[in-house]
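The values are calculated or read from the model by the stated rules, or taken from the named source; none is laboratory data. Every value quoted in this text rests on a predicted model; they were computed, and no experiment measured them. Counting neighbours? That spans all protein chains shown, and the Cβs are built from the backbone with ideal geometry, glycine included. For the accessible areas, the whole protein counts, side chains as well, though only heavy atoms, and no ligand, DNA or RNA atoms are used. Shrake-Rupley method; radii C 1.70, N 1.55, O 1.52, S 1.80 Å.
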Amino acid sequence: MAIFTNAETKLVVQGITGRDGSFHTTQMMEYGTAVVAGVTPGKGGQSFKGPGGKSVPIFNSMDQAVAATGANASVIFVPPPFAAGAIMEAADSGVALVIAITEGVPVLDMARAHAFARDRGARVLGPNCPGLITVGGAKIGILPGSIVTPGPVGVVSRSGTLTYEAVYQLTSVGLGQTTCVGIGGDPLIGTNFIDCLEAFEADPETSAVVMIGEIGGTDEQDAAAFVKEHMSKPVVGFIAGQTAPPGRRMGHAGAIVSGAGGTAAEKMAVLEENGIPVAKRPADIVGLVREALA
Amino acid sequence: MDLHEYQAKERFRAAGIPVPPGEIATTPAGAEKLAEDLGGKVVVKAQVHSGGRGKAGGVKLAANPAEAKAHAAAILGMEIKGLTVHKVLITPAEDIDTEAYVGVLIDRATQAPTFIVSAAGGIDIETVAHETPEKIRKLTVDPRYGLLPHQAYWLADFLYDDPSLIKQTTKIIAQLYDSFVNSGSSMAEINPLITTPSGEVKAIDAKMSIDDNELYRRPEVAAMRDSSSEPPAETLAREAGLSYVKLDGDVGCCVNGAGLAMATMDLVKYYGGAPANFLDIGGSSNPDKVVAALEIITADPNVKSILFNIFGGITRCDDVANGIVEAMSRIDIEQPIVIRLTGTNEEIALKILKDAGFPAYTSMDAVVEEAVKLAKGAEA
């Protein structure tokens, strides 16, 4: 078991014929993800040639793809101008999980898309996120399958490569993972730390969670309060951006210290206050996880 | 992207908000001329992307054109929080009865545009919200329907008792929301919104931040970018598609991914050094990007050592190593460079780098420690 996906997960790739969409579809299929359909408007009826001679049918729209294949999840690789529309189309098609990889979606578009998806009961992960990987199950998005190994640790993060770094270090000492989730670096994201922590708490396979945050917003602080109130499993934290100057966007649209709030120091203090040990550097995460599991 | 006050005012005027006239001067003589045209008694306001202009002496009242000229001479060229003033806004001095605050921004918690208004205007709204929360009124807008007329009224009604002031302000608030949406803004603020003794409501200061992700579809807003107000390296980086922020240290950092880039900077500090920059080179192994990144990093005279920290996930490390080697053959770098590559095909990558004569590492800690040591050695 794991979070957000299971053996029944059937995935549609929105934007399957694009450069990133086709590359990552192959990667996802090689990992073992059940990719049942692709959507590219105007290319319905064609098919995507996957690894091992597998063929994936392409449809013009999400409703056609879902009707024909029974898909229940989608991943979005379409360019920024069309990404919010793709999310809303996916939510309308009835899939339960929509993972938006696209970076650079206008935030006002996302305000509307998140409200629309919430009304239809679809879980959105992202946008501007690496997706998730359930070890030995479904890999949805761009997380590299080569760095994970099965084990008891759940990983949730706002970052991409920093997550890989942490997972890689865990794997290299034999601390395997259940699910690794990248929630995304944008200011408005569909699934936040608390959603993931709640799911990890409920997942019988997960024994400890690594939470990797960064400057900007109050998601980590809110998550810390949630951990104290509602979690029996140990959580280990890391916060990036101690040296980030205020008022400057550090790559991620959401990674900005504005006014008095959102600094790394503040977040680290709130985590510690709520009983979450915080690694001073990425290399210390492994030690803290070992202690948590001991 | 932040707009200057005068640019935000242009956006507000276009939406119908009453904003006093004003023009930009880049010389003291120009300021004098504009002051004459505007009736003599004016305010001279530095146009920089920084708060605290008033405290820094960047906003001055002039009783006549000669004074406007003198103030402009003092303000032009002045540095405010490290930014040089190249432009001043000349605008008529207004008679002020009351000052209020009206702002709208994208709120992360509600995932929607949120208005904040307060009759305690002219001062820092975060301080007001923190110390006297009863003095602010907040409203979350459903972005699918926009700001509804009764909501705009509800906000205006919190600010004034006089029906005429409420009516004027209701309209201004609705216009501010339109301007916010039509500019692709993430924050728009009028502080202060004034009332005059004759009963008019006007916006005499304006602030606006644009969501960078909107710029592709708003060329008229994108054209407002003032590259002279940012360090040249940041302009270069943006044009090369790199995310770069200059810092004060001496260890140049070139990293793939924003989170890992921040963590690398933090690790430089952990080992007693100081990062010279934030730089996210992205997922590509393209030598052109590496060259652009190195040109930007080495243009900073403070840089004493350079470190690469690349996690090859989907990107293969050997591709990245080849990219770095090719980039190095195209550019001369004086500073010592240390490289860390981890992930897919790292053994091949390390061999490529070692054969080309570069110190290569697989541990993030080792490479950062070495880069800090090299920067310190260069100082000695």
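Straight-line cross-link partners of B:Lys33 among the aspartates and glutamates, defined as a Cα under 18 Å from its Cα and at least 8 positions apart when in the same chain: B:Glu23, B:Glu67. Computed over the Cα atoms of chain A, the ratio of the radius of gyration to the Kirkwood radius (Rg/Rh) comes to 0.97. Distant-in-sequence amide contacts of A:Val98, defined by a placed amide H-H separation under 5 Å and a gap of 5 or more residues or a different chain, comprise A:Ser74, A:Arg123, A:Val124, A:Leu125.
Roll a 1.4 Å probe over the protein chains and send me the accessible area per residue for chain A in Å².
I get 34 Å² per residue for chain A.
Listed by chain and number, the lysines whose alpha-carbon sits under 19 Å from that of A:Lys280, ignoring those within fewer than 8 places in the same chain, are A:Lys267, B:Lys269.
For region B:21-92, the solvent-accessible area with a 1.4 angstrom probe is 45 square angstrom per residue.
Proximity of backbone amide H atoms, modeled 1.01 Å from N, is registered between B:Ala93 and B:Val42, B:Val43 at under 5 Å, excluding neighbours fewer than 5 places apart on the same chain. For region B:82-131, the gyration tensor built on C-alpha atoms gives an oblate shape. Its axis ratio a/c (a ≥ b ≥ c) is at least 1.5, and a/b is not larger than b/c. Placing a pseudo-label 7 Å from each Cα along the Cα-to-Cβ vector at B:Glu239 and B:Asp226 gives an inter-label distance of 2.0 nm.
With a 1.4 Å probe, what is the total accessible area buried between chains A and B, in Å² rounded to the nearest 100? Protein heavy atoms only, the A-B interface buries about 4100 Å².
Only protein heavy atoms count here; under a 1.4 Å probe, A:Leu11 has an accessible surface of about 0 Å². The residues neighbouring B:Ile123, those whose beta-carbon lies less than 13 Å from its own, together hold a net charge of -4 under the Lys/Arg +1, Asp/Glu -1 convention. Averaged over the residues of B:263-275, the number of partner chain Cβ atoms lying within 10 Å of the residue Cβ comes to 4.
How about B:Lys202: which lysines have a C-alpha closer than 24 Å to its C-alpha, ignoring those fewer than 8 places off in the same chain? Filter leaves B:Lys9, B:Lys41, B:Lys45, B:Lys55, B:Lys60, B:Lys87, B:Lys135, B:Lys138, B:Lys167, B:Lys171. In region A:73-166, the convex hull through the Cα atoms has an average projected area of 6.2 nm², a quarter of its surface area. A helix-only calculation puts the protein assembly as shown at -11000 deg cm²/dmol for mean residue ellipticity at 222 nm, using -39500 (n - 2.57) for each DSSP H run of at least four residues, averaged over all residues.
Taken about its Cα centre, region B:231-379 carries a charge dipole of roughly 120 debye when the Cβ of each Lys and Arg holds +1 and the Cβ of each Asp and Glu holds -1.
Where a ≥ b ≥ c are the square roots of the eigenvalues of the C-alpha gyration tensor, would you call region B:231-379 rounded, which needs a/c under 1.5, or, failing that, prolate if a/b is larger than b/c, or oblate? Taking the square roots of the gyration eigenvalues as a ≥ b ≥ c, region B:231-379 is rounded. For region B:98-222, with all protein chains in place and a probe radius of 1.4 Å, 55% of the accessible heavy-atom surface sits on carbon or sulfur. Computed from the Cβ-Cβ distance with R0 of 56 Å, the FRET efficiency linking A:Glu30 to B:Glu200 stands at 0.25.
For chain B, what relative contact order do you get, as a whole percent, if you take Cα pairs closer than 8 Å and at least 6 residues apart?
Averaging sequence separation for qualifying contacts and normalising by length gives 12 percent for chain B.
Here chain A exposes an accessible surface that is 52 percent carbon and sulfur, computed with a 1.4 Å probe and the other protein chains kept in place.
In peptide B:107-115, how many Cβ atoms from other protein chains are near each Cβ within 10 Å, on average? Walk me through the numbers before you get to the answer.
Details: counts 3, 12, 5, 3, 12, 6, 3, 0, 0.
Other-chain Cβ atoms within 10 Å of each residue's Cβ, averaged: 5.
Most simply put, the protein assembly as shown has about 55% antiparallel DSSP beta bridges, counting only bridges with both residues inside it.
Using the Cα gyration tensor of region A:11-125, with a ≥ b ≥ c the square roots of its eigenvalues, what is the shape: rounded (a/c below 1.5), prolate (a/b larger than b/c) or oblate (neither)? Write down the numbers at each step before the final one.
Numbers: a/c = 1.82, a/b = 1.54, b/c = 1.18.
It comes out prolate by the Cα gyration axes.
Near A:Ala265, once Lys and Arg are set to +1 and Asp and Glu to -1 for all other residues with Cβ below 14 Å from its Cβ, the sum equals -3.
Projecting label points 7 angstrom from Cα along Cα→Cβ for B:Ala356 and B:Thr110 puts them 5.2 nm apart.
Looking at region B:231-379 alone, DSSP beta bridges between its own residues are antiparallel in about 20 percent of cases. What share of Cα pairs, in percent, lie more than 19 angstrom apart in region A:144-293? In whole percent, the long-distance tail amounts to 47. Alpha-carbon geometry of the protein assembly as shown: the Rg and the Dmax are 26.5, 82 Å, given in that order. Seen from B:Lys246, the other residues with C-beta closer than 11 Å to its C-beta sum to a net charge of -3, counting Lys and Arg as +1 and Asp and Glu as -1.
Taken along its principal axes, the alpha carbon cloud of region A:94-140 reaches lengths of 36, 24, 10 Å, longest axis first. What share of the DSSP beta bridges in chain A is antiparallel, in percent to the nearest 5? Percentage antiparallel, nearest 5: 25.
Using a probe radius of 1.4 angstrom, the carbon and sulfur fraction of the accessible surface of region B:21-92 is 56%. Rounded to the nearest 0.05, the FRET efficiency derived from the C-beta distance between A:Asp92 and A:Lys228 at R0 = 41 Å is 0.60.
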